[in-house]
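Participant: One structure, as structure tokens, below. Some questions next.
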Amino acid sequence: MAILIDRNSKVLVQGITGRQGGFHARLMMAYGTKVVGGVTPGKGGEWFEGAPVFDTMRAAVRTTHADTSLITVPARFAPDAIMEAADAGIKLIICLTEHIPVADMMRAVAFCKSRGSRLIGPNCPGVMTPGQAKVGIIPAMVAEPGNVGVVSKSGTLTYEVGFAMKNAGIGISTIVGIGGDPVIGTTFVDVLEMFENDPETEKVALLGEIGGSAEIVAADYIKNAMTKPVAAFIAGRSAPPGKRMGHAGAIVDGGEGSADEKIQALEAAGARVANNPEAIPSLLA
Amino acid sequence: MKLHEYQSKFLFRDFGIPIPAGQVAKTPAEARAIASQLGAPVVIKAQVHVGGRGKAGGVKLARDADEAHRYAADILGMEIKGLVVQQVLVDPAADIQQEIYLAITNDRSAGMPLIMSSIEGGMDIEELNRSRPEAIIRERIDPILGLNDFQTTHIASAMGMPRAHWRSFGSILRSLYRCYSESDAELAEINPLVITGGGELLAVDGKVIIDDNALYRQPKLAVQRDASGEPESESLAREAGISYIKLDGQIGCMVNGAGLAMTTMDMTKLYGDADNIGPANFLDIGGGASPAQVAAALRIILSDDKVRCVLINIFGGITRCDEVAAGILTACSEVKPNVPMVIRLQGTNASEGNAIISQAQIANIISAQTLTQAAQLAVAAAKERA
């Protein structure tokens with residue numbers, strides 16, 4: 001069953017007629033994901049690769065009974081798309097969009113909570129349960145089915161580690177990209193808890209980076225509540241303080257959020273921390 | 001995007017927060033004229049994007065207009081932590097009875113705005129947070145509801161604000177929240193908020209940082225950017241839509257994705273630190289980079305004359321390695337790099353990409369299979385040319 005998504009997830013793509021949305025919807029379908037439809041305001045009634053396109057999420061959910069939605073629309077429209085999905089009763093909303101203003105995300109996250117919807121992202125590569133389904137842009141080639149759960153703030157770093165695991169013969173239960181923004185819907189701890197409770201996950205790889213304190217909170221959780229072994233990598237040891245390293249959330253601010261303090265906290269919690277992402281497989285063996 | 005003190009305070013004034021009647025001077029003569037007009041004493045304050053300007057001698061109290069001229073001459077052109085002072089704020093000296101700290105920022109773990117306030121203002125808030133965290137009152141704001149009156153009363157009461165000032169404090173706090181919210185600020189800070197001898201509240205110093213991702217809807221603030229303190233290469237990169245930060249090392253890095261870009265930097269340091277070799281920059285070319293973008297990135301990396309070697313690390317997901325390889329060839333023919341380049345292409349269409357590179361037979365190009373190998377080769381190449 002893995003976590004969050006499987007072969008039975010019914011997925012809508014918000015922005016399916018766009019260039020990005022359409023491209024990834026096709027790859028998701030090719031992977032075996034049940035894409036039951038899409039939403040683009042003003043294009044309701046059209047078809048996309050045999051799936052119906054709707055004007056609104058309410059209409060799409062009413063017809064398709066989708067439980068999951070992928071948001072691929074630009075930053076100006078993404079917060080509204082997130083809230084529209086939550087309002088339509090979608091339980092799992094995955095938002096890829098980068099560059100959404102933090103103020104908009106604070107409102108969207110609060111709204112999702114009030115509607116009981118789980119939001120993953122924004123600014124994330126999505127979720128993939130190898131061999132079953134993928135919702136997002138994680139390339140199919142980076143993972144085989146298995147029993148290691150992967151949770152990460154970053155896209156390509158995740159591909160790098162997934163690929164190294166695959167080459168070492170280690171499979172993955174589910175990959176969750178939680179995103180590199182300061183305000184996100186689902187945190188490391190949320191995902192660690194899901195992996196801890198998932199019978200198909202035996203070990204976990206956590207890929208963090210500088211900025212914020214989510215990895216420190218995760219270390220607390222690992223220490224106090226986790227029985228499964230955790231291997232970790234923290235990016236940004238060589239990053240200077242006060243500079244934002246690409247991701248909006250990746251900044252060491254006022255002495256807080258450095259890689260060293262996160263590595264120390266994770267090691268103290270019993271996680272095995274790699275200084276090279278290609279060493280992660282050896283820590284999981 | 002950081003605003004200068006004067007920009008921050010003028011923004012506060014637009015939202016109804018009382019500030020001193022100061023003006024900005026770019027020459028000593030202008031400072032003298034402003035001082036005469038305001039009436040002495042005045043404070044001359046360097047406007048630079050670094051902290052600790054007071055300790056560096058960038059803030060001085062002038063007793064008359066001549067002194068204002070002299071101090072402005074001292075401060076203008078002064079270098080503070082590598083930044084040259086190009087303008088000063090000339091403010092009337094405030095009659096300070098009490099200094100208060102008041103700020104609104106994003107609480108990223110709670111996903112809510114956070115008000116921080118303290119009756120012990122004036123000093124460095126990080127220092128106060130370490131020494132006496134209980135002296136800072138923290139109040140989170142529901143992002144859907146906004147700031148309520150009961151919260152302003154709670155804050156005033158909990159911080160020990162004298163009751164006589166509750167009304168004006170509440171009004172300033174509501175204005176600051178509007179300013180924070182309507183300006184898409186990630187920080188709106190008044191330090192100090194002063195209670196004057198006359199019993200008025202006055203925002204004597206201010207700092208505002210605007211969310212870069214919201215600048216598209218803040219045109220009046222976006223034009224206030226002062227890029228004079230940033231390296232030219234960073235300005236060029238911003239215009240090209242490339243995420244780039246200049247660092248001090250010798251290995252120029254070109255990577256797709258922010259997390260992997262940081263990791264690649266870390267790897268050069270991991271293998272090069274013993275020989276004082278490390279990353280020359282952070283650079284994320286983004287997803288699906290075009291040949292033009294790869295060329296622009298290479299040009300920016302090579303504009304740093306400390307660079308002894310370029311390390312290109314691409315893990316193709318959406319980005320296709322064959323397209324990146326074509327981009328590298330175009331870039332090389334335009335930019336003609338005179339340093340070795342270690343290229344590691346992995347993921348989508350990697351074998352096609354590597355074939356394009358090897359067939360082109362460009363001197364100085366070294367291919368690598370893994371990230372570890374790429375970092376080690378780049379360090380070795382940089383060491384050879386050190």
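The values are calculated or read from the model by the stated rules, or taken from the named source; none is laboratory data. Small disclaimer: the values here were computed from a predicted structure and weren't measured. Glycine gets a Cβ as well: all are built from the backbone with ideal geometry, and neighbour counts include every protein chain shown.
Participant: Can you tell me which residue among A:ILE178, A:ILE170 is more than 9 Å from chain B (Cβ to nearest Cβ) and under 17 Å from A:LYS113 (Cβ atoms)? Break it down stepwise before answering.
Facilitator: On the way: A:ILE170 fails: under 17 Å from A:LYS113 (Cβ atoms).
Every option except A:ILE178 fails the conditions.
Participant: Where residues in segment B:158-181 are in contact with a Phe, Trp or Tyr (Cβ under 8 Å, 6 or more places away or on another chain) and in a helix (DSSP H, G or I), which of them is nearest to A:LYS113 (Cα to Cα)?
Facilitator: B:ARG178
Participant: Does B:GLU182 satisfy the condition of being of a type outside the set (A, V, I, L, M), surrounded by 21 or more Cβ atoms within 10 Å (Cβ to Cβ) and within 14 Å of chain A (Cβ to nearest Cβ)?
Facilitator: no
Participant: Ok, one more. From B:TYR216, B:TYR180, which residue is under 28 Å from B:VAL88 (Cβ atoms) and of a type in the set (Phe, Trp, Tyr)?
Facilitator: B:TYR180
Participant: From the list A:SER173, A:SER154, A:SER238, exactly one residue is free of Cβ contacts under 8 Å to residues at least 12 places away in the same chain, of a type in the set (Gly, Ala, Ser) and either buried (at least 24 other Cβ atoms within 10 Å of the Cβ) or in a loop (DSSP other than H, G, I, E, B) (or both). Which is it? Working first, answer last.
Facilitator: On the way: A:SER173 fails: free of Cβ contacts under 8 Å to residues at least 12 places away in the same chain; A:SER154 fails: free of Cβ contacts under 8 Å to residues at least 12 places away in the same chain.
It is A:SER238.
Participant: Where in segment B:182-274 are the strands (runs of 3 or more DSSP E), entirely inside, with at least 2 residues that are farther than 25 Å from B:ALA46 by Cβ, in contact with a Lys or Arg (Cβ under 9 Å, 6 or more places away or on another chain) and modelled with pLDDT of 95 or more?
Facilitator: B:251-255
Participant: OK, next. Just give me the residues in segment B:185-207 being surrounded by 20 or more Cβ atoms within 10 Å (Cβ to Cβ), within 14 Å of another protein chain (Cβ to nearest Cβ) and hydrophobic (A, V, I, L, M, F, W, C), in sequence order.
Facilitator: B:ALA185, B:ALA188
Participant: Which of the strands (runs of 3 or more DSSP E) found entirely inside segment B:2-118 contain at least 2 residues meeting this: touching a Gly at 6+ places or on another chain (Cβ under 8 Å) and away from every other protein chain (no Cβ under 14 Å)?
Facilitator: Ranges flagged: B:42-46, B:88-92, B:96-107.
Participant: So, in segment A:75-105, of the ones that are within 13 Å of another protein chain (Cβ to nearest Cβ), charged (D, E, K, R) and part of a loop (DSSP other than H, G, I, E, B), which residue ends up farthest from the chain's Cα centre (by Cα)?
Facilitator: Going through the qualifying residues, I end up with A:ARG76.
Participant: What are the pairs with Cβ atoms under 8 angstrom where one residue, in segment A:190-218, is at pLDDT 95 or above and the other, located anywhere, is hydroxyl-bearing (Ser, Thr, Tyr) and assigned to a helix (DSSP H, G or I)? Sequence gap at least six, or different chains.
Facilitator: Qualifying pairs under 8 Å: A:LEU192/A:TYR221; A:GLU193/A:TYR221; A:LEU207/A:THR158.
Participant: A further question on this structure: Please state which of the following conditions A:LEU206 fails to meet, knowing it meets all the rest: (1) closer than 17 Å to A:GLY155 by Cβ; (2) within 8 Å of chain B (Cβ to nearest Cβ); (3) not in a loop (DSSP other than H, G, I, E, B).
Facilitator: (2)
Participant: Here's a follow-up. Look at segment B:234-285 and say how many of its residues are more than 15 Å from A:GLU160 (Cβ to Cβ), within 9 Å of chain A (Cβ to nearest Cβ) and among the small types (Gly, Ala, Ser).
Facilitator: 3
Participant: Of B:VAL339, B:VAL307, B:VAL379, which residue is farther than 22 Å from B:ALA258 by Cα and crowded, with 17+ Cβ neighbours inside 10 Å?
Facilitator: Details: B:VAL307 fails: farther than 22 Å from B:ALA258 by Cα; B:VAL379 fails: farther than 22 Å from B:ALA258 by Cα.
One residue alone meets the criteria, B:VAL339.
Participant: Something else now. Starting from residues that are in contact with a Lys or Arg (Cβ under 8 Å, 6 or more places away or on another chain) and outside any strand (DSSP E or B), keep the ones in segment A:125-140 and report whichever is surrounded by the fewest Cβ atoms within 10 Å (Cβ to Cβ).
Facilitator: A:ALA140
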